[in-house]
Amino acid sequence: MSYLQQKTRHGRRGVPLLPFTRYTRSRRRQSLAIFAILCTLVYWTVRVGLGDSRDRFTPSVPATPNFFAGGSEDRLVTIQTSRDPITVQKPTAEEEQLTAAIVKPSDISKAPVELQTKPQPYDVLPNAVQVTRGSSVNDIGDVEEQQSLVEDVSELQPVVADGGRLTDLSRSQAFNPSENLDSPSSSLVASSLGLSQESVHPAEDQDQNMLSAAQPGRYAFPAPSNFDRLNRLADELPDFVHIPLHMAVKNETLDDWEEEWFAHAQYDAATHGKINEPKIDFVYTWVNGSDTRFADVMRPYEQNSSLNDDAGEWIASHGVNRYRDWDELRYSIRSVEKHASSFRNNIQILVNAIQDADGTMTKQRPMWLKEDSAIQDDLQVLSQEEFFGEEEAKCLPTFNSLTIENQIHNTPSDTDRIFAMSDDMFLGKPHAASDVYSPLFGTVMGFKPNSYNTIVPPSEKDALRFGEKPYLIYTSWMLNRRFGTRKRKGQVHFGHSLSRSVYKEAMEAFPRPSLKSACQKFRGETGFQLYSWYNAFHYTIERHREALLWSYLMIRSDPDRDGYLNWQERQAIISDLEEGLANEGRNSFRKRMYYYVAKSLEDAGLEAPKVNVETTWTSLDGPATIANIDCFEFNVNECLAPGFSSPTWDDRSDNPVFSTAAIFDRVARQDPQCGDCLTKLLLNRVEQGLSPLLPHREKDAEHRETVLKALKRYSYVVVEPDALFTMVTDAEQVQVRLIDRLADPEKQAGQLCLNDDVTADNETELLALRETIARLFNEHWGTPSKFEAWW
Ligand SMILES: *[C@@H]1O[C@H](CO)[C@@H](O)[C@H](O)[C@H]1NC(C)=O
Ligand SMILES: *[C@@H]1O[C@H](CO)[C@@H](O)[C@H](O)[C@H]1NC(C)=O
Ligand SMILES: *[C@@H]1O[C@H](CO)[C@@H](O)[C@H](O)[C@H]1NC(C)=O
Ligand SMILES: *[C@@H]1O[C@H](CO)[C@@H](O)[C@H](O)[C@H]1NC(C)=O
């Protein structure tokens, strides 16, 4: 029996029975330091007392073990175990069912905050919102607002911008809601794309709704009655569900390198050869707000929007020059062709369907773009109807970027990987695929400093927060309920790296919010929506962590697979932890894989990152949630189960408190800090790789495969992105801050984001600005791409 258990069971004389504590290196160091200070004090006291008798006196060492026993207990790092306000359903013994268990959404969640609004500019949330339903609780836990306004503005470019100049009512009368209420809208295929309809939606819809040159104007948007139906349907759904791991990884395939890589962080090129570079789609959401045909389509929906007001101020505010077209999309695509053509797969431009003057339905597309037939192998313009999910499409069209982004994973493609861009983003330097994604390390993510931790239902006050905040707050609340309470940082505003299939899962994990999103035609209509990027990034991180905990607690630690941890199994966990604890505080004990990203990739025959070279974490180092924590103590009785460290009752029956499912749920969700320290300490057993958490290689080969697939599916890298975000205000600023600055090769940025913050309406000034921006663009991306018909 190990030292720990003996101590735990019997305690020491005069010391209360303390569960599972021990001195760690750091505590010893601490004690030694105090001891040294004491020695010095005694020495000087004695020396002063004895005058010049130094030579004749040697201070005695005050060996006082009681000092340690008494005084240092309160300096222990204690793991706080905050209780999640959501109650857990009783866990089942069956491991598969565990992850499948649906946690009942709280009643509160069924009372969505609905807003009645006074008119406000489109992308600044209304000031005069009234909550008609929903909770009055409105404390937001711990929203850190360290961030400048500048960054806030950056998110959530309105998809609709200056489309407000809508005076031609005769045109909007030409808009003809579908007579066929039940007809799914999924088949607006004005497509010279050659995309088969099946690739987007089920074939049954095809004949009925196919819009082709031969059937001009046949297509009509779904009837508004669908919107209510869909919203009602959404209300029946739970807020969140647990998708079982083994189902989520069903489509994952393993080559031969994953075993060694995830278990031991080693890639042996001699055995495994080289890995092929991945291909990545670049997907843009785009709208031409100055196109009157677009405004015509939007008008009736604006008029019906809950944001609309009698005076028409909200609609009028769309006309404010929030957005000017500087031909950004053209140059952004040029920047991709220049700096990422080696791994660029498709370029996809997501647009709205519009109606031509003769009543024909068509798609908005950039004027300068070549005919589809000339470019369709590389670039596709997709209307919402061509990629929205079948149900979601019944609420089209939408003019809300969040709603479109929620569906981005559905665009048809032969690759799983997306780099989601907006047209104000440009690549400033050559990229490698690994700047976005690599097979070894997974999705590349970047975060802002401010984090969100919403522990009560978001309130009216939150709906009024600026820019992206309401969506971060709301999504944080969802993530907290699904994965446990913690601070989660907002994602950076540059291209977002995504896996279609993980993204899809991340949406499906929140059934009600996902479907609710679909019918929000304008941002701010209900105040809150699922924020796709934020959700996808944190979902990935959490699922990776969950896979490790599931693997260790449900599989590895329960070899007899009876769903309970018996005394012998618990002892094995304690001894694992004990071993890891011995290395806690030895910073250099575990090899930091984030220092070896470039080298590892090159060993596998892949290109090293070129711009995102500052990696701060990889999922091979463990869950990102352990990056900045210390775990000098781990109390198994507090963190895992009461009485964990003693054999009481074990011989008499299976004790439900030792159910693996209960313990898994506790560390995965109820007490995330406990789960973090558990993982960290277990990983401390080895210098690299995730092997201490994996199922046994031979005895549990099948489960090990499931876990390896999950680790592959949810793998990720956190970087400090090499990116420059600038608010564009005037010509002089663009000259100095961008043209002059970027002329210096040293100061070039991997990615550039130019946010339109122009307030001037003086034509002369605007012209000067336009010329300056054109100069900037042409200096960096002067060569036309193969997609341009003219320039
Ligand atoms: C697996 O792939 C099939 C076919 O593409 C798809 O229908 C299914 O939803 C996928 N399953 C998961 C869990 O991603
Ligand atoms: C707007 O609302 C009216 C009244 O409910 C309805 O008849 C009409 O179809 C709606 N139009 C759109 C585009 O939603
Ligand atoms: C946007 O629409 C306007 C008006 O139809 C047109 O003049 C302009 O060229 C369009 N912009 C692009 C990039 O297609
Ligand atoms: C616009 O700005 C220019 C130069 O800044 C100035 O000369 C001109 O008078 C301004 N025009 C108006 C209408 O304000």
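The values are calculated or read from the model by the stated rules, or taken from the named source; none is laboratory data. Quick caveat, the model's predicted, so the values are computed rather than measured. With ideal geometry, Cβ positions are generated from the backbone for all residues, glycine too; neighbour counts draw on all protein chains shown.
Which residue pairs have Cβ atoms closer than 8 Å, lie 6 or more positions apart in sequence or on different chains, and pair a first residue in the range 287-305 that is within 19 Å of GLY524 (Cβ to Cβ) with a second residue that is within 16 Å of ligand 4 (Cβ to nearest atom) and in a helix (DSSP H, G or I)?
Close Cβ pairs satisfying both conditions: none exist.
Being touching a residue at least 24 places away in the same chain (Cβ under 8 Å), of a type outside the set (A, V, I, L, M, F, W, C) and away from ligand 3 (no atom under 16 Å from the Cβ) is the requirement here; does THR759 meet it?
yes
Here is a check on your reading of the model: is ARG685 touching a residue at least 24 places away in the same chain (Cβ under 8 Å) and within 30 Å of TYR539 (Cα to Cα)?
Here the answer is yes, as ARG685 does meet what is asked.
So if I check each of ASP310, ASP291, ASP239, which one is at pLDDT below 90, of a type outside the set (Val, Ile, Thr) and more than 16 Å from ligand 2 (Cβ to nearest atom)?
The match here is ASP291.
Return the total of residues in the range 645-677 being closer than 27 Å to ASP621 by Cβ and touching a Pro at 6+ places or on another chain (Cβ under 8 Å).
Residues that pass the stated criteria total 3.
When the residues of the range 271-295 are filtered to those that are away from ligand 3 (no atom under 16 Å from the Cβ) and hydrophobic (A, V, I, L, M, F, W, C), which remaining residue is surrounded by the fewest Cβ atoms within 10 Å (Cβ to Cβ)?
Only one residue fits best here, namely ILE275.
Kindly indicate which of PHE426, PHE399, PHE419, PHE388 is of a type in the set (Phe, Trp, Tyr) and within 16 Å of the chain's Cα centre (by Cα).
PHE419
For (1) β-branched (Val, Ile, Thr); (2) touching a Lys or Arg at 6+ places or on another chain (Cβ under 9 Å); (3) within 16 Å of ligand 1 (Cβ to nearest atom); (4) assigned to a loop (DSSP other than H, G, I, E, B), each residue gets a yes or a no:
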| residue | (1), (2), (3), (4) |
| --- | --- |
| ARG229 | no, yes, no, no |
| LEU233 | no, no, no, no |
| LYS250 | no, yes, yes, yes |
| ASP255 | no, no, no, yes |
| VAL283 | yes, no, no, no |
| VAL287 | yes, no, no, yes |
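Quick check on my filter: what residues within the range 354-373 are modelled with pLDDT under 95, outside any loop (DSSP other than H, G, I, E, B) and of a type in the set (A, V, I, L, M)?
ILE354, MET361
Based on this model, can you work out whether PHE537 counts as at pLDDT 95 or above, over 30 Å from PHE658 (Cβ atoms) and within 19 Å of the chain's Cα centre (by Cα)?
It is true that PHE537 is at pLDDT 95 or above, over 30 Å from PHE658 (Cβ atoms) and within 19 Å of the chain's Cα centre (by Cα).
From the list ASP310, ASP325, ASP377, ASP356, exactly one residue is within 15 Å of ligand 3 (Cβ to nearest atom) and without any contact (Cβ under 8 Å) to a residue 60 or more places away in the chain. Which is it?
When all the criteria are applied, what remains is ASP325.
Looking only at the range 739-770, which residues are part of a loop (DSSP other than H, G, I, E, B), under 32 Å from the mean Cα position of the chain (by Cα) and of a type outside the set (D, E, K, R)?
The answer is GLN748, ALA749, GLY750, VAL758.
Only one of LYS699, LYS786, LYS709 is under 30 Å from ARG545 (Cβ atoms) and not in a helix (DSSP H, G or I). Can you tell me which?
Going through LYS699, LYS786, LYS709 in turn, just one is under 30 Å from ARG545 (Cβ atoms) and not in a helix (DSSP H, G or I): LYS699.
Which one of these is farther than 27 Å from GLN673 by Cα, part of a strand (DSSP E or B) and in contact with a strand residue (DSSP E or B) (Cβ under 8 Å, 6 or more places away or on another chain): PHE447, PHE419?
None of the other options fit; the residue is PHE419.
Suppose the filter is out of contact with any Gly (no Cβ under 9 Å at 6 or more places or on another chain) and over 16 Å from LEU548 (Cα atoms); does SER691 pass it?
So SER691 fails the test.
Can you tell which of ALA316, ALA265, ALA295 is more than 16 Å from ligand 1 (Cβ to nearest atom) and over 30 Å from MET727 (Cα atoms)?
ALA265
Which condition number in (1) out of contact with any Ser or Thr (no Cβ under 7 Å at 6 or more places or on another chain); (2) free of Cβ contacts under 8 Å to residues at least 60 places away in the same chain is the one that ALA731 fails?
If we test ALA731 against (1) out of contact with any Ser or Thr (no Cβ under 7 Å at 6 or more places or on another chain); (2) free of Cβ contacts under 8 Å to residues at least 60 places away in the same chain, just (1) comes out false.
Going through ARG556, ARG592, ARG500, ARG570 one at a time, which residue ends up being closer than 30 Å to THR415 by Cβ and of a type in the set (D, E, K, R)?
Being closer than 30 Å to THR415 by Cβ and of a type in the set (D, E, K, R) holds for just one of ARG556, ARG592, ARG500, ARG570, which is ARG500.
Is there any pair linking a residue in the range 554-572 that is closer than 15 Å to LYS699 by Cβ to one that is not charged (D, E, K, R), with Cβ under 6 Å and at least six apart or on different chains, and which?
What qualifies is MET554/THR660; MET554/PHE664; ILE555/PRO695; ILE555/HIS703; ARG556/PRO695; SER557/ILE573; ASP558/THR660; GLU569/SER557.
Of all residues in the range 649-693, which are of a type in the set (S, T, N, Q) and more than 24 Å from GLU258 (Cα to Cα)?
Those that are of a type in the set (S, T, N, Q) and more than 24 Å from GLU258 (Cα to Cα): SER653, ASN655, SER659, THR660, GLN670, GLN673.
Name the residues in the range 701-720 that are among the acidic types (Asp, Glu) and either at pLDDT below 95 or within 30 Å of ALA433 (Cβ to Cβ) (or both), would you?
Listed by number, the residues that qualify are GLU705, GLU720.
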